[in-house]
Amino acid sequence: MKITAAITAVAGYVPEYVLSNSELEKLVPTTSEWIESRTGIKERRILKGEGLGTSDMCVEAINLLLKKRGIAATEIDMIIVGTVTPDFVFPSTSNVICDKVGATNAWGYDLSAACSGFVFGLVTGSQFIETGKYKKVIVVGADKMSAILDYTDRSTCIIFGDGAGAVLLEPNTEGYGVVDSILGVDGSGRKYLHQKAGGSVKPPTHETVDAREHFVYQDGQPVFKRAVVGMADVSAEIMKKNDLKSEDISWLVPHQANKRIIDVTAERMGLPSEKVMLNIQRYGNTTAGTIPLCLWDYESQLKKGDNLIISTFGAGFTWGAVYVKWAY
Ligand code: UT7
């Protein structure tokens, strides 16, 4: 009997501090009206506190996940973390998390795919379950974007927020879980959205810090244009590949980068807004966190057997769509 990877629990964490559009008006030349009409964002959460990093948000989400599923951390086989804001360059955030939650029988790694980090992690994690060797794999999508944002740059600081979401994958033999996926990358898009310094090409120096090169750089228009087409295309493609009509789909779970990108994708799929998960208004773009945070927010509305299309586009460029049959 074929083993699929079912999502058997979902949990999330967002920091307490709410950074509103009106507070941003005091930091950069912008207006609440501009931000909301161009992106759909009203507020985002920021992780405050000395010494707190991405792993701390992941730990909150994972502890809740374990509690909900009623299992011990020692039962976890693997933790895969999609993030571009790891605690450290090394060791991996996954290592740190395993220690902090007491997952002493687990191994894992970080996966760098920017906004597609959770989706790439979900597909990767599901393969470990499908082999039959792994029984409990946690996939986390988390970013502390405030750590790499320039709060003097109005084109980027208004978009992003901090947050973490996690799912538990377990084997299923009734066809629930990850059914199919399409993933892609195009590295030629890297110039439009990246962090200029801090890697091996341009290690940190006083000059790179002075030039503000450790922050997110984005040329928004070209990213927007590629994202609109890319997310809609891959979503339509996975529907076609699996012979899914609009009426067969219960939910679109889109990456939350810009409401206008989400609207175009839903329209292309023939889905009304009631079938589209949306929380960008409250959390902004949490990069790898958006999709599991959506699942967490909408969990109570999901039913066993629902067909979900998870869809993403992000820096890299990276993109993908996953067809999931909801298991509970
Ligand atoms: O999740 C990872 C992938 N990222 C994305 O998918 C993001 C894709 N890009 C976007 O969502 C949009 O490009 C942005 C939200 C970043 C920007 O929106 P836009 O409609 O593309 O604006 P724009 O960059 O074309 O700028 C239009 C105008 C410019 O002024 P001028 O040159 O027309 O006078 C900007 O300077 O809006 C100005 N502008 C702002 N005005 C007020 C840019 N940012 C702001 C701001 N407040 N925060």
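Answer yes or no as to whether Arg226 is in contact with a strand residue (DSSP E or B) (Cβ under 8 Å, 6 or more places away or on another chain), within 15 Å of the ligand (Cβ to nearest atom) and of a type in the set (Lys, Arg).
yes
Among the residues of region 159-181, are any outside any strand (DSSP E or B), within 19 Å of the chain's Cα centre (by Cα) and more than 26 Å from Thr4 (Cα to Cα)? Show your work before the answer.
Filtering region 159-181 for residues outside any strand (DSSP E or B) gives 159, 161, 173-176.
The next check asks that each one be within 19 Å of the chain's Cα centre (by Cα); those that pass are 159, 161.
Cutting the leftovers down to more than 26 Å from Thr4 (Cα to Cα) gives us 159, 161.
Yes.
Could you check region 38-56 and list, in sequence order, the residues that are more than 16 Å from the ligand (Cβ to nearest atom) and either in a loop (DSSP other than H, G, I, E, B) or at pLDDT below 95 (or both)? Talk me through it step by step, then tell me what you get.
Of all residues in region 38-56, those more than 16 Å from the ligand (Cβ to nearest atom) come to 45-56.
Leu47, Lys48, Gly49, Glu50, Gly51, Leu52, Gly53 - these are the residues of region 38-56 that are more than 16 Å from the ligand (Cβ to nearest atom) and either in a loop (DSSP other than H, G, I, E, B) or at pLDDT below 95 (or both).
Quick check: anything in region 118-136 surrounded by 15 or more Cβ atoms within 10 Å (Cβ to Cβ) and in a strand (DSSP E or B)?
The answer is no, given that none of the residues of region 118-136 is surrounded by 15 or more Cβ atoms within 10 Å (Cβ to Cβ) and in a strand (DSSP E or B).
Considering only region 11-37, state which residues are surrounded by fewer than 17 Cβ atoms within 10 Å (Cβ to Cβ), within 13 Å of the ligand (Cβ to nearest atom) and hydrophobic (A, V, I, L, M, F, W, C).
Once the filter is applied, which keeps residues that are surrounded by fewer than 17 Cβ atoms within 10 Å (Cβ to Cβ), within 13 Å of the ligand (Cβ to nearest atom) and hydrophobic (A, V, I, L, M, F, W, C), region 11-37 yields Leu27, Val28, Trp34.
Considering region 200-217 alone, what residues qualify as being in a loop (DSSP other than H, G, I, E, B), open to solvent by less than 100 Å² (accessible area, probe 1.4 Å) and among the polar types (S, T, N, Q)?
Once the filter is applied, which keeps residues that are in a loop (DSSP other than H, G, I, E, B), open to solvent by less than 100 Å² (accessible area, probe 1.4 Å) and among the polar types (S, T, N, Q), region 200-217 yields only Thr205.
Could you please give the count of residues in region 237-294 that are on the phi > 0 side of the Ramachandran plot and open to solvent by less than 30 Å² (accessible area, probe 1.4 Å)?
Here is the first cut: in region 237-294, the residues on the phi > 0 side of the Ramachandran plot are 243, 270, 284, 287.
Among the residues that remain, those that are also open to solvent by less than 30 Å² (accessible area, probe 1.4 Å) are: 284, 287.
The number of residues fulfilling the criteria is 2.
Under 9 Å by Cβ, and 6 or more places apart or on different chains, what pairs join a residue from region 23-37 that is basic (Lys, Arg) with one that is more than 7 Å from the ligand (Cβ to nearest atom)?
Qualifying pairs under 9 Å: none.
Restricting to region 102-139, and then to whatever is polar (S, T, N, Q) and under 12 Å from Ser181 (Cβ atoms), can you tell me which residue is nearest to the ligand (Cβ to nearest atom)? Write out each step before concluding.
So the first thing to find is which residues in region 102-139 are polar (S, T, N, Q), and the list is 104-105, 112, 116, 124, 126-127, 131.
From what's left, under 12 Å from Ser181 (Cβ atoms): 116, 124, 126-127.
On the way: Ser116: 9, Thr124: 20, Ser126: 23, Gln127: 25 Å.
Among those that are polar (S, T, N, Q) and under 12 Å from Ser181 (Cβ atoms), it is Ser116.
Please find, within region 140-158, the residue that is farthest from the ligand (Cβ to nearest atom) out of those that are open to solvent by less than 10 Å² (accessible area, probe 1.4 Å) and in a strand (DSSP E or B).
Ranking the candidates gives Val140 first.
The values are calculated or read from the model by the stated rules, or taken from the named source; none is laboratory data. None of these values were measured; they are calculated from a predicted model. Cβ: placed from backbone, ideal geometry, glycine included. Neighbour counts: every protein chain shown. Accessible surface areas use protein heavy atoms only, side chains included; no ligands, DNA or RNA. Shrake-Rupley method; radii C 1.70, N 1.55, O 1.52, S 1.80 Å.
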